[in-house]
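Engineer: Starting off with a structure, shown below.
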Amino acid sequence: MTIQNLKSGDVRAKIQTALSDTANAILAQVLPRWERTLAQGEVLLCGGGGQVMAPAISATLNPITPVTLLEQPVTRVVDGIERLAKYRLQAE
């Protein structure tokens with residue numbers, strides 16, 4: 001099949017399958033390590049990758065922990081770094 005022969009529906013389906021496979025691969029790596037602590041926190045997704053994988057990740061994790069798609073991801077990352085720095089300074 002060449003690019004000229006692909007219809008937009010064909011491409012969309014292939015992309016959705018690839019994203020679902022990617023989300024499942026991520027979950028397969030994360031769940032065994034974090035499953036016990038996930039219930040105490042929240043999973044934050046951001047950016048284009050987070051947006052397109054959010055449905056697959058949410059479907060798996062929502063029974064365990066909230067999954068949130070962040071608006072303004074760069075700002076949120078900076079906020080997280082600031083909170084981490086404050087936490088570490090308090091621990092000293």
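Engineer: Of the numbered conditions (1) touching a Gly at 6+ places or on another chain (Cβ under 9 Å); (2) open to solvent by less than 50 Å² (accessible area, probe 1.4 Å), residue 41 fails exactly one; give the number of that condition.
Structural biologist: So the condition that residue 41 fails would be (1).
Engineer: Scan the stretch 52-79 for residues that are in contact (Cβ under 8 Å) with a residue 24 or more places away in the chain, within 24 Å of residue 32 (Cβ to Cβ), touching a strand residue (DSSP E or B) at 6+ places or on another chain (Cβ under 9 Å) and open to solvent by less than 50 Å² (accessible area, probe 1.4 Å) and jot them down.
Structural biologist: Matches in the stretch 52-79: 53, 57, 61, 65, 67, 68.
Engineer: I'd like the full set of residues that are under 17 Å from the mean Cα position of the chain (by Cα) and either loosely packed, with under 10 Cβ neighbours inside 10 Å or among the small types (Gly, Ala, Ser) (or both), limited to the stretch 8-28.
Structural biologist: Within the stretch 8-28, 18, 20, 23, 25, 28 qualify.
Engineer: Mind checking which residues of the stretch 68-92 are hydroxyl-bearing (Ser, Thr, Tyr) and more than 19 Å from residue 50 (Cα to Cα)?
Structural biologist: 87, the sole residue that qualifies.
The values are calculated or read from the model by the stated rules, or taken from the named source; none is laboratory data. Because the structure is a prediction, the values reported are computed rather than measured. Here the Cβ is made from the backbone with ideal geometry for all residues, glycine too, and neighbour counts use every protein chain on show. Each accessible area value is taken on the protein alone, full model and side chains, heavy atoms only, with ligands, DNA and RNA left out. Shrake-Rupley method; radii C 1.70, N 1.55, O 1.52, S 1.80 Å.
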